[in-house]
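One structure below.
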Amino acid sequence: MKKVLVVVDTKFGNTEQVGREIAAGIEETGVAECKVIGIKEVKSEDFSSYDGVLFGGPVHAFRATRGIKGAIKDAANKGLDGKLVSSFDTHQSPGHKGNAARQIEGEVGKKAPGAKIFTPGLSARVDGYEGPLNAAEPARAREFGKRFVDELTE
């Protein structure tokens, strides 16, 4: 069975909710198991046993957060080469100009050039500043998790 790790940076819980929905979609496939951790847990995690890793964080000031960028750096030092890696973010409004998912992919490309990037990442909408997550997003996140596993098992 394949193993996938989801790393989240979250302030109000919305990005964590997206990460958990992605993990549920991954596990629904029956071919992969998934673990969700916060960015502070990256330093103590053993990355060698994972086939795939997803990084997610909110859009903050039109950018990926420093926390998720630091987690990517720490994870790259522990070994992302050869793994399938993807990204996701949460943003507040439909016309939001920031795209943290794309920036996360760029960070992975710089820090772990041997990783295979599954793109495009998922960008999920939050209704209001603190949430909740838009009602359409949990289903989209689960589907994204299933597509990630499809790519992982090819």
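No lab work stands behind these numbers, since they all come straight from the coordinates. Note that the coordinates shown come from a computational prediction; the quantities given were computed from them, not determined experimentally. Note that we place each Cβ from the backbone using ideal geometry, even for glycine, and neighbour counts take in every protein chain shown.
Roughly what % of DSSP beta bridges within the stretch 2-152 run antiparallel, to the nearest 5? Counting only bridges with both partners in the stretch 2-152, antiparallel ones make up about 10 percent. Put a dot 7 Å past the Cα of Val31, heading toward its Cβ, do the same for Ala139, and the two dots end up 2.4 nm apart.
Counted without the sites themselves, the longest stretch of the chain free of chymotrypsin sites (Phe, Trp or Tyr not before Pro) in a DSSP loop having at most 16 other beta carbon atoms within 10 Å is 63-128. Estimated at 0.36 nm per residue, the fully extended path between Met1 and Lys40 surpasses their Cα-Cα distance by 11.4 nm. For a test of the definition: using alpha carbon positions, the gyration tensor, and the 1.5 limit on a/c, classify the chain as rounded, prolate or oblate. Cα axes put the chain in the oblate bin. Rounded to the nearest whole Hz, the Karplus-based 3J(HN,Hα) values (6.51 cos²θ - 1.76 cosθ + 1.60, θ = phi - 60°) of the stretch 26-33 follow the sequence 4, 6, 4, 5, x, 10, 8, 10, with x at glycine and proline. Could you work out the relative contact order of the chain? I mean the mean sequence separation of Cα pairs under 8 Å and 6+ apart, divided by the number of residues, in percent. Dividing the mean separation by the residue count of the chain yields 28 percent.
Fully extending the segment from Ala24 to Thr153, taken as 0.36 nm per residue of separation minus the present Cα-Cα distance, adds 44.8 nm.
In this rough spin-label picture, where each label sits 7 Å from Cα along the Cβ direction, the Phe47-Lys110 distance is 1.6 nm.
The modelled label-to-label distance between Tyr129 and Phe12, using points 7 Å beyond Cα along the C-beta direction, is 0.8 nm. Reducing the stretch 16-30 and the stretch 75-154 to their Cα centroids gives an inter-centroid distance of 13 Å. As a rough guide to protection, the peptides 35-43, 65-73 ranked by mean Cβ packing within 10 Å, highest first, stand as 65-73, 35-43.
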